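Worksheet: one structure, shown below.
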Amino acid sequence: MKTLVKGGRLVDPVQGIDALRDVLIENGFVTRIGEHLDPDDARIVDAAHAIVAPGFVDMHVHLREPGQTHKETIATGTAAAVAGGFAAVACMPNTEPALDSAAIVSEVVRRADAAGLARVYPVGAITRARAGRELAPYHLLADAGCVAFSDDGSTPRDARVLRHAARYAADLPTVFISHCEDPDLKGDAVMNEGAASVRLGLDGAPGLAEDVIVARDLLIAADAEKAWHIAHVSTATSLDLIRWARSRGVQVTCEVTPHHLVFVDDRFDDYRADSKVNPPLRGSHDRDALRAGVLDGTIDALATDHAPHGLDEKAQLLSVAPVGFSGLEVAVGAYALALPGLPLARFVELLSVNPARILGVPGGTLGVGSPGDVTIFADRPWTVDARLFRSKGRNTPFDGMTLPRRAVATIVEGAVVFEHGRVLPREDVTA
Ligand SMILES: [Zn+2]
């Protein structure tokens, strides 16, 4: 099978390329890059007036399968991924049951293969059932396909358990990913603690709830000499702590979500749960610090924290509605909205090069011999209509907004899986 991406502006920071180039993919791998390539028997993907990049990797996605398939399935979640320009996603372990055994992880991998869309990299649990007590079997989970470990959705409460886990997994290259929220400091909060929560009479979670766990986990990372990644950073202090840890030689990376880059905590006036998320949307001081952190290089990756729920679930009272919303299909546009001056090479680093490197997975470049995973995107404004999402989760605070950038086509292993607004599962996969 030959696929030719033709006429686009190739932005590949690893190769130092930013120029009009065609990319030829044969049998799943890049075989040639050049001007005006013309093999006679290739499937042509027209990339004229668009940007061609190594496939985007979203390192923080909730696919909800097994156990919560009314919210999302691996098939609908990966359809949302490719429609949003993502060739690969890392899926978090807070499924039911949790991704804490090799058998469950193998089943996720099998169902992802059957869906035939984005690559799916499971993230295994740090503790059994994410209960914060017994360690999960990291070596078996890594053998089954896990590329990282996390108890995402919550944090192990007991620092002794986390330290033990980090030391036990220290010899594995797989990174630990922290969801940083102190459950006691957070309490029953539904939003950020600040002027807005006081005005509305709602329980707020202080930034401190995040900061103390970031500090704790960075100190444990240093103690265990374990590579660590901080998920969905939302405060200025978290970024300062990460800078401090790096200055001390701690191997730490971090990500930020589209919603924390765009919104602040002024979205609860109608007491609706559309914008309820963990960690909560913060004030403008934190939001501006996150934008600066992307520009100055403190933040390594952009990740959606795609967390789909049913509309009926999100329509419940603010106090009981679940946290999170769909992110995959708006992310590329939302990042461009939040970071208008960001150079394209840096945009590609944050969405492809760095997440692939942090997870230790193939991709991040279209150099000859690399996987034929390609994201084609364009600066064409469009208006979000969540009713048209491929995700089962049709809730997003971006609904109705006009975003400046969008994915045009997505190629995985040389197969065109999204083009002209349509999702196209690979035909050569066995269901
Ligand atoms: Zn999380």
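Just a few scattered comments:
- Applying the condition of being in a loop (DSSP other than H, G, I, E, B) and touching a residue at least 60 places away in the same chain (Cβ under 8 Å) to the range 175-202 and asking which residue is nearest to the ligand (Cβ to nearest atom) yields His179.
- Where a residue in the range 224-244 is on the phi > 0 side of the Ramachandran plot and its partner, wherever it lies, is in a loop (DSSP other than H, G, I, E, B) and more than 16 Å from the ligand (Cβ to nearest atom), with Cβ under 7 Å and at least six apart: Glu225/Ala170
- The residues of the range 337-354 that are open to solvent by 10 Å² or more (accessible area, probe 1.4 Å) and touching a strand residue (DSSP E or B) at 6+ places or on another chain (Cβ under 8 Å), listed by number, are Leu337, Leu344, Ala345, Val353, Asn354.
- Every residue from the range 399-415 that is in contact with a Ser or Thr (Cβ under 9 Å, 6 or more places away or on another chain), surrounded by fewer than 23 Cβ atoms within 10 Å (Cβ to Cβ) and not small (Gly, Ala, Ser): Met401, Thr402, Leu403
- Matching residues in the range 19-44 - criterion: being of a type in the set (D, E, K, R) and either within 25 Å of the chain's Cα centre (by Cα) or surrounded by fewer than 16 Cβ atoms within 10 Å (Cβ to Cβ) (or both): Arg32, Glu35, Asp38, Asp40, Asp41, Arg43
- The residue that is surrounded by the most Cβ atoms within 10 Å (Cβ to Cβ), counting only those in the range 274-323 that are among the polar types (S, T, N, Q) and over 15 Å from the mean Cα position of the chain (by Cα), is Ser275.
- Residue in the range 142-153 that is open to solvent by 10 Å² or more (accessible area, probe 1.4 Å), in contact with a Phe, Trp or Tyr (Cβ under 6 Å, 6 or more places away or on another chain) and modelled with pLDDT of 95 or more present: yes
- Of the residues Ala227, Ala215, the single one that is within 22 Å of the chain's Cα centre (by Cα) and of a type in the set (Gly, Ala, Ser) is Ala227.
- Flag if Ala47 is open to solvent by less than 10 Å² (accessible area, probe 1.4 Å) and touching a Gly at 6+ places or on another chain (Cβ under 7 Å): yes
- The listed residues are Gly84, Gly77, Gly28, and the only one of them that is of a type in the set (Gly, Ala, Ser) and touching a Phe, Trp or Tyr at 6+ places or on another chain (Cβ under 9 Å) turns out to be Gly84.
- Evaluating Arg243 against the criteria (1) within 19 Å of the chain's Cα centre (by Cα); (2) within 21 Å of Val353 (Cα to Cα); (3) not acidic (Asp, Glu) leaves one unmet condition, (1).
- The residues of the range 239-277 that are hydroxyl-bearing (Ser, Thr, Tyr), out of contact with any strand residue (DSSP E or B) (no Cβ under 7 Å at 6 or more places or on another chain) and not in a loop (DSSP other than H, G, I, E, B) amount to a single one, Ser247.
- The single condition among (1) more than 25 Å from Ala195 (Cβ to Cβ); (2) assigned to a helix (DSSP H, G or I); (3) of a type in the set (Asp, Glu) that Asp288 does not meet is (1).
- Residue in the range 94-109 that is in contact with a helix residue (DSSP H, G or I) (Cβ under 8 Å, 6 or more places away or on another chain), closer than 22 Å to Ala415 by Cβ and either aliphatic (A, V, I, L, M) or open to solvent by 30 Å² or more (accessible area, probe 1.4 Å) (or both) present: yes
The values are calculated or read from the model by the stated rules, or taken from the named source; none is laboratory data. Every value quoted in this text rests on a predicted model; they were computed, and no experiment measured them. Cβ atoms come from the backbone with ideal geometry, glycine included; neighbour counts cover every protein chain shown. Remember, those area values only see protein heavy atoms, side chains included, never the ligands or the DNA or RNA. Shrake-Rupley method; radii C 1.70, N 1.55, O 1.52, S 1.80 Å.
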